[in-house]
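Worksheet: one structure, shown below.
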Amino acid sequence: FKMYPGRVISKLLCSGEKEVDLAVQSAKAAFKIWSQMSGMERSRVLLEAARIIREQREEIATLETINNGKSIFEARVDIDISWQCLEYYAGLAGSLAGEHIQLPGGSFGYTRREPLGVCVGIGAWNYPFQIACWKSAPALACGNAMVFKPSPFTPISVVRLAEIFAEAGVPKGLFNVVQGGAATGQFLCHHPDVAKISFTGSVPTGIKIMEMAAKGIKPVTLELGGKSPLIIFSDCALENAVNGALMANFLTQGEVCCNGTRVFVERKILDVFTKEVVKRTQKIKIGDPLLEDTRMGALINRPHLDRVQGFIKQAKEQGAEVLCGGDLYVPDDPKLKNGYYMRPCVLGNCTDDMTCVKEEIFGPVMSILPFDTEEEVVERANNTKFGLAGGVFTRDIQKAHRVVAALKAGMCFINNYNISPVELPFGGYKASGFGRENGRAAIEYYSQLKTVCVEMGDVESVF
């Protein structure tokens, strides 16, 4: 593979109504076979898919880097999380069960955990392969089929996942990929044979998907945006807190929904923390994401780069101070001169009412805000329509638990940030969405309970 930023790497046709229907019908036929298999049979297929991904880790990671622009170092982590996700749900597949309930007179009831049918997954462009695995692994473990639509900006790596599932032995058509933008998504959401929709992306699109799903009374899982608080107390381990702030802001060029972009720092350590963060940010190696020492690649496309630059310009106009970065970056390699690169940015002198503090930028921009008391910072942290994540750095473990208990966010971190083990549920509060990915919780969103009541005596009639 060779990387040429700013150039076309492939052209794909958008799936229209006809192609979407073919994909759904194909998935529906495969579902009849897959849903009748035992959990252990499904488990073996998922384990085989995990093995193939693990074996082809380097090839898939390279494909993902070209697909998205993130560093190969990060792409490898994404691929590892992906096969771990498949392994985790393979482990759960054989244990999915209902329960038996004893009733009076020898009668009894029982519940069956049954699959939903054809599920739709709609992915985002920041973690294309990983999101597809996060959605497909629990869906398939529960006995469902899936039609997946990746972002039109990152269409490639999910096709490889479909090939891997086929190689692993899923019934033909069980995991289908359709390509396209909003129109393709609409065809999927309105399709009468689709049982459920799981979407990762922006709040405005999430609202539209929920409206479309409502017309067919289809359950939805929405993993939307965030403007998450990261709270740094003066009693933290400073180096660890700085590392956490960098992890919370600059992974995947800052294009991460759960990033802790509002960094609240206790005033006692504001200067020393800020100085250290700026020093470390300026050392981040930007450039060709396929090089081993690169830690920040290119943003997804030109319109998005321009949007992020617009936020920085507006922040300066509103009184924020650019402490470092924020400008465009042109690598020395002439092949990369058309890439969508920028230097990671740290903003100081920020206030809660600034646009850069209130709205999701989705780029490598950190806003630092001072605070004085625990009560004050919790109130300010929660003063947002979002509620995806939140983090706390402190040596006082009681305070840490007290603060995360008060945060209105679905994913909280204590003395770390942006760690997403597949064993733990992931999802948000408020405008950041609902439903959960990962962990046992995801089983609830890809299955339904059937109750069966069995009478062992005669029916007592009131008539």
Taking only C-alpha pairs under 8 Å that are 6+ residues apart, what is the relative contact order of the range 368-426 in percent? 33
Percent RCO, i.e. relative contact order, over the chain, from Cα pairs under 8 Å lying at least 6 residues apart: 19
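For each pair in Lys316/Lys430; Lys70/Lys172; Lys208/Lys430; Lys135/Lys399, compute the distance between the two Cα atoms and list the pairs where it is over 27 Å. Provide the component values of the computation, followed by the final result.
Details: Lys316/Lys430 29 Å; Lys70/Lys172 32 Å; Lys208/Lys430 16 Å; Lys135/Lys399 35 Å.
Beyond 27 Å between Cα atoms: Lys316/Lys430; Lys70/Lys172; Lys135/Lys399.
Counting only protein heavy atoms and a 1.4 Å probe, tell me what percentage of the range 213-274's accessible area is made up of carbon and sulfur.
60
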Relative contact order in percent for the range 134-178 (Cα pairs under 8 Å, 6+ apart) equals 49
Rounded to the nearest Å, what's the spacing between the alpha carbon centres of the range 315-355 and the range 236-312? Just the number, please. 10
Could you please state how large a percent of the accessible area of the range 16-95 is carbon and sulfur, counting protein chains only and using a 1.4 Å probe? 55
Theoretical FRET efficiency, 1/(1+(r/R0)^6), r = Cβ-Cβ of Thr451 and Asp352, R0 45 Å, to 0.05: 0.40
Averaged per residue, the 1.4 Å probe accessible area of the chain, protein heavy atoms only, in Å², is roughly 44
What is the sum of charges around Tyr88, taking Lys and Arg as +1, Asp and Glu as -1, for the other residues whose C-beta is under 10 Å from the C-beta of Tyr88? -1
Lys and Arg at +1, Asp and Glu at -1: neighbours of Gly244 with Cβ under 13 Å from its Cβ sum to -1
To the nearest Å, what is the center-to-center distance of the range 47-86 and the range 392-446, using C-alpha atoms only? 24
Under 16 Å from the Asn383 label point (7 Å along Cα→beta-carbon), backbone N, the range 350-373: 350-359, 368-373
Taking only complete DSSP H runs, can you tell me which helices of the chain stretch 15 Å or more along their own long axis by Cα positions and average at least 1.0 on the Kyte-Doolittle scale? 157-168
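The values are calculated or read from the model by the stated rules, or taken from the named source; none is laboratory data. Bear in mind the structure is a predicted one, so any value in this text is a computation, not a measurement. All Cβ positions, glycine included, derive from the backbone under ideal geometry; neighbour counts span all protein chains shown. Surface areas here come from the heavy atoms of the whole protein model, side chains and all, with no ligands, DNA or RNA. Shrake-Rupley method; radii C 1.70, N 1.55, O 1.52, S 1.80 Å.
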